[in-house]
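Taking it in order: structure first as structure tokens, then the write-up.
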Amino acid sequence: MTRARFVVVFALLALAPVGCSQPDTVVLVVVEGTTPRPVFQLRTDVVVGAQTRAFRMPETPQPITLPVSFSVRIPRELPGTFRITIRAQDDMAGEIGRGTALFGDLEIGGQNEIHVALAPPPPAQPQM
């Protein structure tokens, strides 16, 4: 299997001024680790400052070989800490791994790299 690479745009509803624009901030996310079953999708939550975006990578489930990487593009006007939580899902959408990473000081307008290590999810709590 080949290693997949994806690009995600952290879109905002605000319009950027027309004319000479400065580059957005780019974060290369590298997802690593082992899971008990094959990964088919990464359920991803990204928080930058007060903005939150959730997406699935890839949109349509397909086998993913770890490590895998994808890029998140963030408008340079959006400051703040970058936090990402990834939940790996199997072919039945069951959670088989989870990881979170924090990047406190992004290089605004530059390229940044963050690694997310997947670990088994915590055991389900019995319901009473």
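Key figures for this structure:
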| item | result |
| --- | --- |
| Residues of the stretch 3-50 classified as under 22 Å from Ile64 (Cα atoms), at pLDDT 90 or above and crowded, with 16+ Cβ neighbours inside 10 Å, total | 12 |
| One residue from Ile96, Ile108, Ile64, Ile84 being within 13 Å of the chain's Cα centre (by Cα) and of a type in the set (A, V, I, L, M, F, W, C) | Ile84 |
| Number of positions in the stretch 68-97 that are modelled with pLDDT under 95, in contact with an Asp or Glu (Cβ under 7 Å, 6 or more places away or on another chain) and closer than 18 Å to Ala117 by Cα | 0 |
| Where Pro61 falls short, out of the listed (1) in contact with a Phe, Trp or Tyr (Cβ under 7 Å, 6 or more places away or on another chain); (2) in contact (Cβ under 8 Å) with a residue 40 or more places away in the chain | (2) |
| Test result for Thr85, free of Cβ contacts under 8 Å to residues at least 12 places away in the same chain and either within 22 Å of Asp24 (Cβ to Cβ) or in contact with a helix residue (DSSP H, G or I) (Cβ under 7 Å, 6 or more places away or on another chain) (or both) | no |
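The values are calculated or read from the model by the stated rules, or taken from the named source; none is laboratory data. Computed from a predicted model, the values in this text were never measured in an experiment. So basically every Cβ, Gly included, is an ideal-geometry build from the backbone, and we count neighbours across all protein chains shown.
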